[in-house]
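K.L.:
Submitted below is the structure of interest, expressed as structure tokens.
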Amino acid sequence: MIEAMEIRLGDVLSIEGAPCKVISQEIRGTGKFGKTVHLKLKNLRDGHVAEKSLRAEEKAQDVEVHQIKLQYLYRDGEDYVFMNLQTYEQLSMPSKAIGRQEIFLKENAEIAGLFEGEQPLSIDFPKTVELKIVSAPPGVKGQADTTYKEVELENGLKVLAPQFVKEGEVVRVDTENLTYLDRVPIRTMGGGKTQSSGENT
């Protein structure tokens, strides 16, 4: 068991018998007994996201999980097939357990799998990924950088990004919310930066 105030992002809790990953945590209120912990939880079995509030003095059942390095192979109907890079055995995960983050899966790429014992639960995607823009309309002159436009990334994901980003540039994306974060700096051969994220060009 874990006390509500000790719950952190990334923890996995057992909620009504299902393993749920904490994807958002906020403490509200003042004083030990006036505080409430508000959680956003992702069910690792079906991908459903729900919210739950716990009083500071309450406890939750934590689930012991660990990561195993996997290689994504292919999709087979409603399942995704991976290879365990420790044992070289193949295993499947249902698409609903992976959720909309499936767009970040790339064939033959290595990625972390989240396991409870020997049971695969889901894929532990990194918080952010860097992707190249393959299609972007030209920026609208006179528009503030806070005015966004839709761009398409190399994996097919479409996100809203500032007017100044261009086709061919690389941007950083939040894998949980599927949203644009910033532009990745272009580096010279010597490793120096030639332009910074968010710079208006």
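K.L.:
Please list, in chain and number order, the residues 5+ apart from V134 or on another chain whose amide H is under 5 Å from its amide H, with Hs placed from the backbone.
P.N.:
Answer set, sorted by chain and number: E152, L153, E154, G168.
K.L.:
Okay, next question. Under 10 Å, Cα contacts only: if you run a Gaussian network model on the chain, which one of S122, S95, S14 comes out with the highest mean-square fluctuation?
P.N.:
S14
K.L.:
If you don't mind, there's one more thing I want to ask. If I take R0 = 45 Å and measure r between the Cβ atoms of N108 and F164 in this structure, what FRET efficiency does the formula 1/(1 + (r/R0)^6) give, to the nearest 0.05?
P.N.:
0.85
K.L.:
I've got another one for you. Who wins for biggest fluctuation among L54, L73, L39 in a Gaussian network model of the chain, springs between alpha carbons below 10 Å?
P.N.:
Comparing L54, L73, L39 in a Gaussian network model of the chain, the most mobile one is L54.
K.L.:
Let me ask another. Quick one: if the Förster radius is 22 Å, what FRET efficiency do E89 and Q61 give, using the C-beta to C-beta distance and rounding to 0.05?
P.N.:
0.15
K.L.:
Also, I was wondering about something else. Tabulate in residue order the Karplus-calculated ³J(HN,Hα) for the stretch 97-111, using 6.51 cos²θ - 1.76 cosθ + 1.60 with θ = phi - 60°, rounded to whole Hz; enter x for Gly and Pro.
P.N.:
Those phi angles translate into 6, 8, x, 5, 5, 4, 5, 8, 6, 10, 3, 6, 6, 8, 8 Hz.
K.L.:
Could you tally the net charge around Q119, taking each other residue with its Cβ under 12 Å from the Cβ of Q119, Lys/Arg +1 and Asp/Glu -1?
P.N.:
-2
K.L.:
Please find the FRET efficiency linking R45 to I186, where r is the Cβ-Cβ separation and R0 is fixed at 45 Å, and quote it to the nearest 0.05. Could the numbers behind the result be given before it?
P.N.:
Details: r = 42 Å, r/R0 = 0.93.
After rounding, the FRET efficiency stands at 0.60.
K.L.:
If you find the alpha carbon centre of the stretch 26-70 and of the stretch 100-138, how far apart are they in angstrom?
P.N.:
Between the Cα centres of the stretch 26-70 and the stretch 100-138 lies a distance of 23 Å.
K.L.:
OK, next. To the nearest 500 deg cm²/dmol, what mean residue ellipticity at 222 nm is calculated for the chain from DSSP H runs of n ≥ 4 alone, each contributing -39,500 (n - 2.57), summed and divided by the residues? Mind showing how you got there, number by number?
P.N.:
Working: 1 runs with 4 residues, N = 201.
Counting only the DSSP helices, I get -500 deg cm²/dmol.
K.L.:
Continuing with this model, one more query. Identify the residues of the stretch 99-122 with backbone N under 14 Å of a label point that sits 7 angstrom from the Cα of S14 along the Cα-to-Cβ direction, or state none.
P.N.:
From the stretch 99-122, the list is 116-117.
K.L.:
How large is ³J(HN,Hα) for each residue in the stretch 89-96, as worked out from phi by the Karplus curve 6.51 cos²θ - 1.76 cosθ + 1.60 (θ = phi - 60°), to whole Hz, x for Gly and Pro?
P.N.:
The phi angles translate into 7, 8, 9, 10, 10, x, 4, 5 Hz.
K.L.:
If you don't mind, there's one more thing I want to ask. With the cut-off at 1.5 for a/c, could you classify the chain from its C-alpha gyration tensor as rounded, prolate or oblate?
P.N.:
Working: a/c = 2.32, a/b = 1.35, b/c = 1.72.
It is oblate, given that a/c is not under 1.5 and a/b is not larger than b/c.
Quick note: the coordinates plus some simple rules give every number you see, no bench work behind them. Just so you know, these numbers come straight off a predicted model, no measurement behind them. Using ideal geometry, Cβ is built from the backbone for each residue, glycine included, and neighbour counts are taken over all protein chains shown.
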